[in-house]
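See below for the structure under consideration.
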Amino acid sequence: MTQTLVTDLVVTDAFLIKGMVEPKPKRLTNFLDECRSNFVSVRDATLVDLVNRNTIKTPRVLVNLDRIVLAHEFIDASSDVTQRTLAQNRELVAIRAFHVGPVSFEVSGQVRPGSYESSDLNSKRFFVLEQPKIRGIEIQDEDDELSVLDHLDYLIVAKHRLSYIYDFNE
């Protein structure tokens, strides 16, 4: 069995998708914000149905950018000097955000104040949620593919896919 390199994770209404977003000349957050095409290409993709847990493996899948709810790039942020420096000098606030769709779920964590607002020019269409907790996507012990959602240090969240946000610091 051939091992494939997984560098990125994308969650849509229906699927968790793991693989490599290509071409990605920069960090995934920036790539998604600046993407001008309708579809994001994921190579060596594993798709897991969020409802029935069926798994599909394919050499390439195109994901409509407007269907992406959450994303994550598997990088070693601890060795990123720029990220560590930025993290030391910023204020974060607690939020809970809800996505309502075929599979409804909640994400909670810490964000820059107002980063979820459409007027926030720094994060554009997506914002970063740190220390995320996800509720509503059922993960059982045998769900090896979905269990990755329990161990992420941050998530990239699509503003336009959220239905409600509770900001606990407003």
Lysines near LYS57 by alpha-carbon distance under 23 Å, same-chain residues fewer than 8 away left out - which ones? LYS18, LYS24
Tell me whether the stretch 8-73 comes out rounded, prolate or oblate; compute the Cα gyration tensor, take square roots of the eigenvalues as a ≥ b ≥ c, and use a/c under 1.5 as the rounded threshold. prolate
Toward the positive end of the charge dipole of the stretch 8-73, about the Cα centre and with charges on Cβ (Lys, Arg +1; Asp, Glu -1), which of THR58, LEU70, SER41 goes farthest? THR58
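Values quoted throughout were computed directly from the atomic coordinates according to the rules given, and no laboratory measurement underlies them. Just so it is clear, the structure is predicted and the values come from calculations on it, not from any experiment. Counting neighbours? That spans all protein chains shown, and the Cβs are built from the backbone with ideal geometry, glycine included.
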